[in-house]
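The values are calculated or read from the model by the stated rules, or taken from the named source; none is laboratory data. Fair warning: this is a prediction, and the values are worked out from it, not measured in the lab. Backbone-built Cβ (ideal geometry, glycine too); neighbour counts: all protein chains shown. Only protein heavy atoms, including side chains, enter the accessible area calculation; ligands, DNA and RNA are left aside. Shrake-Rupley method; radii C 1.70, N 1.55, O 1.52, S 1.80 Å.
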Amino acid sequence: MRGLHLNDKSTILVLRWLTILLAILLMLYSRKGLTFGTGAYLLGVAFFLSNIIFTLIPRKHFAKPAVSSVIVIMDAGFISLAIYLTSGFNTDFYLVYFFIILIAAMRQELKGSIVTGAISITLYGLLIYKSSPHFYILKTPFLIRAVFLLLIATFSGYLAQRARVYEEARNVVQKKLSEVEEKLLRSERLAIIGQLAAGVSHELRNPLGVLQNCLYLLNLRFKDADEKLRKQLAIMQRELTRSNRIITDLLEFSRKQKPSLAPTNLNRLLEEILSRVQIPERVQVVKKLTDIPTVMADGEQLQSVFMNLIGNGIEAMPEGGVLTLNTGQDDSSVKVTISDSGVGIPKENLEKVFEPLFTTKTNGIGLGLAITKRLIEYHGGMIVAQSIPNHGSTFMVTLPVSDERGACPTE
Amino acid sequence: MMETIRRRARILIVDDDRDLCATLSEILSGAGYDCTCVHDGARAVAAAHNQRPDGIILDIKMPAGDGFSVYNRLKLSTHTREIPVMFTSGYYDGEIMRAPFIHKPFDPVELIAHLKRLVAEEIREGSVDERGREEHLGKGL
């Protein structure tokens, strides 16, 4: 449930409605037996109407300082007029000043409450003087009221300020807490997947091994078989390889292997990967490799990272397109950007692509990018995805630069 | 007797998966090896002592003694210390193996190539070393 917020429109309005109620009560039960003229009733109606108008103001406009200043000044005016129209010092309407001071404290804290307190005292004094010129303004009762108004203004402003500070701190802590909670949940989920994966994989690798052996024997036996049979054997082999890849991905994911760091030349690594990956003719590769420092990294892990990103890029362009590899650097990090001009990722999926088991492919289980992200995080780096559907996607990997800086030739 | 006799190399396949043993045995037979299968660690150690195979393909996760304990016991005994061992496992966790390792499911062609580097298909018997081994085996029995 949402708590009562100090700056809330509803709080202010409740206070104003309470003011009206208090005014009515004062009118009904004042022991002085107050008599009201038309002016006082008109004032009451005006205040009532103003409150209805404030109720109708949308919440976002209500928070603006200009609106709150208008409210405070109007309220001070209303009360002063009420005092003026009733019987000056004898009326208890001055009590309502406390309300506007409280409202001001809540809206503008210490500054607002003291200014409102000062305005209230001045107006109160002036109006009492005006309504009964013979009244001696510096008499103790008035001074006591003035001092009380000022004290309440200071105190409420101070409290409001502290409340805000506490609330801000609480919000920060709460935000951090929920972040930690989310991380914990995520890692718990990952750990469960990992355990399950390791267990299932071992159990599946044996039967897959048997199938692989049988297929080998069948291939030997049907070496000279007709094309149809050979084709079916080839399909079996392909599917076996695919099953094995899924299991390898799962195991890779469940593995918590710390990278063994060594100075790594990312440009050279990318060149190596490109020479190993089968790039279809429909895809054109554009390399924009600039001189970047070496990074301390695990070459094998980064190879799997970029291999996966490049593979994804190629898969995203079934109709062909351009795959761009870009390397660059800023103060403390190097950046590798891999962009494709492919089908892109819908906005609603973009946040999920790094989540384990999220996939839109028919032949994957959604661990590729999750593993990629984890490997990059092992290196103290990060990965960001951007995409425009039907125009392509960009994955930017940022890795911290190693201490020993050395230029990394583009080759 | 210095006369040499050529025979097919004997491979001991140790795996708790009987189907895997049977199919692998058939594949290796086709590749020129004689194979025996056992399905747990304890029998593996016994078979290694009794049959003196020329090579062992050893699964890691098994009942009655896993692959590592079998390997350690083989290395402790002077009679089995020299037998080359190739580990195989469904777990691929990047752990450093003390012997050649091939993870399941393996490509039989790859396995045969690996095995050939460890154990030749044909063994020449009758050398001094071999005779020594035979004599010891005789005493043991």
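Restricting attention to segment A:144-155, which residues are under 12 Å from A:TYR97 (Cβ atoms) and either under 36 Å from the mean Cα position of the chain (by Cα) or in contact (Cβ under 8 Å) with a residue 40 or more places away in the chain (or both)?
Initially, segment A:144-155 is screened for residues under 12 Å from A:TYR97 (Cβ atoms), giving A:145-146, A:148-150, A:152-153.
Across segment A:144-155, the qualifying residues are A:ARG145, A:LEU149, A:ILE152, A:ALA153.
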Looking across segment B:2-15 at residues that are open to solvent by less than 10 Å² (accessible area, probe 1.4 Å) and either in contact with a Phe, Trp or Tyr (Cβ under 7 Å, 6 or more places away or on another chain) or more than 22 Å from A:LEU217 (Cα to Cα) (or both), the single one that is farthest from the other protein chains (Cβ to nearest Cβ) is B:ALA9
Answer yes if at least one residue in segment A:258-277 is of a type in the set (Lys, Arg), out of contact with any helix residue (DSSP H, G or I) (no Cβ under 8 Å at 6 or more places or on another chain) and either outside any helix (DSSP H, G or I) or not assigned by TED's automatic domain parsing to the domain that holds A:GLY368 (or both), and no otherwise. no
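Do we find that A:LYS361 is open to solvent by 30 Å² or more (accessible area, probe 1.4 Å), assigned by TED's automatic domain parsing to the domain that holds A:LYS287 and more than 18 Å from A:ARG245 (Cβ to Cβ) in this structure? First the steps, then the outcome.
On the way: open to solvent by 30 Å² or more (accessible area, probe 1.4 Å): yes; assigned by TED's automatic domain parsing to the domain that holds A:LYS287: yes; more than 18 Å from A:ARG245 (Cβ to Cβ): no.
When the stated conditions are applied, A:LYS361 does not pass them.
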Could you pull out every one of the strands (runs of 3 or more DSSP E) wholly within segment B:16-104 that has 1 or more residues that are touching a residue at least 60 places away in the same chain (Cβ under 8 Å), open to solvent by less than 50 Å² (accessible area, probe 1.4 Å) and more than 14 Å from chain A (Cβ to nearest Cβ)? B:55-59
For segment A:234-261, which positions are within 11 Å of chain B (Cβ to nearest Cβ), within 30 Å of A:ASP224 (Cα to Cα) and touching a residue at least 24 places away in the same chain (Cβ under 8 Å)? A:LEU240, A:SER243, A:ASN244
Taking A:ARG164 as the residue in question, decide whether it is closer than 30 Å to A:MET106 by Cβ and either in the same structural domain as A:LYS111 (by TED's automatic domain parsing) or free of Cβ contacts under 8 Å to residues at least 40 places away in the same chain (or both). no
Odd one out for A:LYS231, checked against (1) more than 22 Å from A:VAL334 (Cα to Cα); (2) open to solvent by 80 Å² or more (accessible area, probe 1.4 Å); (3) not in a helix (DSSP H, G or I): (3)
Which one of these does A:ALA198 not meet: (1) of a type in the set (A, V, I, L, M, F, W, C); (2) away from chain B (no Cβ under 14 Å); (3) buried (at least 16 other Cβ atoms within 10 Å of the Cβ)? (2)
Checklist (1) among the charged types (D, E, K, R); (2) in a helix (DSSP H, G or I); (3) open to solvent by 60 Å² or more (accessible area, probe 1.4 Å); (4) not assigned by TED's automatic domain parsing to the domain that holds A:LEU325 applied to A:ASP249, failing item: (3)
Working carefully through the options A:LEU151, A:LEU143, A:LEU208, find the one that is open to solvent by 80 Å² or more (accessible area, probe 1.4 Å) and either part of a helix (DSSP H, G or I) or not aliphatic (A, V, I, L, M) (or both). A:LEU151
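Quick grid of which residues meet (1) open to solvent by less than 50 Å² (accessible area, probe 1.4 Å); (2) among the aliphatic types (A, V, I, L, M):
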site	(1), (2)
A:LEU269	yes, yes
A:THR290	no, no
A:GLU315	no, no
A:ASP331	no, no
A:GLY344	yes, no
A:ILE376	yes, yes
A:LYS347 being farther than 19 Å from A:GLU252 by Cα and in contact (Cβ under 8 Å) with a residue 40 or more places away in the chain: yes
Of everything in segment A:211-233 that's within 15 Å of B:ASP17 (Cα to Cα) and more than 50 Å from the chain's Cα centre (by Cα), which residue is nearest to the other protein chains (Cβ to nearest Cβ)? A:ASN213
